[in-house]
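Working notes, beginning with the structure itself.
A short reminder: the numbers here are calculations on the coordinates, not readings from a lab. Source: prediction; values computed, not measured. Cβ atoms come from the backbone with ideal geometry, glycine included; neighbour counts cover every protein chain shown.
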Amino acid sequence: MHAKTDSDVTSFDPSSPRSPKRAAYYVQSPSRDSHDGDKSSTMHATPACNSPMESPSHHSYGHHSRASSSSRVSGSYNSSWGRKGNRKRNDKGWPECKVIDEEGGYGDFYRDSEGLSRRTQIFIGIIGFVLIFSLFCLIIWGASRPYKPQLSVKSLTVHNFYFGEGSDMTGVPTKMLTVNCTMRMTIHNPATFFGIHVSSKAVNLMYSEITVATGEVKKHYQQRKSRGMVSVNMQGSKVPLYGAGASLAGLVDNGKIPMTLVFEVKSRGNVVGKLVKSKHRQHVSCSVAIDSHNNRPIKLKEKACTYV
């Protein structure tokens, strides 16, 4: 140990007016001689540092700095890390530490962006599929329009024809007519890729704008590229003729009674299930001369009927 000079004594003397007052703090560390039987711990006073020159790490205090640093590190390690049971160790022997979890990660952001992009792609795919399917259906519908059913009235057979006197429901006397006849008609479906459903609400046999007999085409299915024959039975029982009865009386004697067949045929083809349908309506009007004394079929010429 070297002798201290007066300036050193003065600088370290707390009572000296030239030396500033420094607050002292204490660090407790176990003594190296504790294994020799001394259980007590030493207390080292370390002055607080107000400037880098006064820091214990300065070369003038090298020995004291190393002693205090070792006591601090050893004390911290023994109290926090050196004791068994205070820290759990992993497989590699490293002590486990508590990790601060962040509120969110970039992975969630990317996952959200990816999910939004996938939903957008699915939505665009659905819209594209709907547009393509709609265009396909429109093309099929346009291709099915020219395939209009072809109708042809072939004959009319009168089974019964009675003309006489009678009275209507109110008791008014008038001429009465009873008719029972059958019409035969062919239906041709020219469509190559779908069948049609054919029906008609009413087939009327008319005399002077009075319906004397009526019937209907039963709903049926006509296969693609096929031709079928349809028979329609028309009946009229005691139909009052009122003013038209007078003109009919003279025609009955002559045997030729002009009448008109009027009806409308409906057809529906399911081209693509029930999504795409091909519908047609045809109004048929045929002029026919009935012989009240003849029960043979009356053939109708092509010019005798109009199909609209």
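Quick notes
- Remark: the I127-T157 segment gains 5.0 nm on full extension, using 0.36 nm per residue and subtracting the alpha carbon distance.
- Calculated FRET value between T170 and T260, using beta carbons and R₀ = 22 Å, to 0.05: 0.20
- J(HN,Hα) series, the stretch 271-288, from Karplus relation 6.51 cos²θ - 1.76 cosθ + 1.60, nearest Hz, glycine and proline x: 6, 10, x, 9, 7, 10, 10, 10, 10, 9, 10, 10, 8, 10, 9, 10, 9, 9
- Take each peptide in 125-136, 262-273, 219-230, count the other Cβ atoms within 10 Å of every residue, and average; sorted highest first, the result is 262-273, 219-230, 125-136.
- Estimated translational D of the stretch 225-299 in µm²/s (Stokes, Kirkwood radius over Cα pairs; 37 °C; 0.692 mPa s): 202 µm²/s
- Charging the Cβ of each Asp and Glu at -1 and of each Lys and Arg at +1, and nothing else, the dipole of the stretch 227-308 about its Cα centre rounds to 600 debye.
- Packing, as the average of other Cβ atoms within 10 Å across residues, places the peptides 200-208, 158-166 in the order 200-208, 158-166, highest first.
- If you bin all the Cα-Cα distances of the stretch 156-274 at 5 Å, starting from zero, the percentages per bin are 2, 10, 18, 18, 14, 11, 8, 7, 6, 4, 2, 0.
- Fully extended contour minus Cα-Cα distance, from H197 to N295, at 0.36 nm per residue: 32.1 nm
- The charge dipole of the stretch 155-308, taken about the Cα centre with unit charges on the Cβ atoms of Lys, Arg (+1) and Asp, Glu (-1), comes to about 1140 debye, rounded to the nearest 20.
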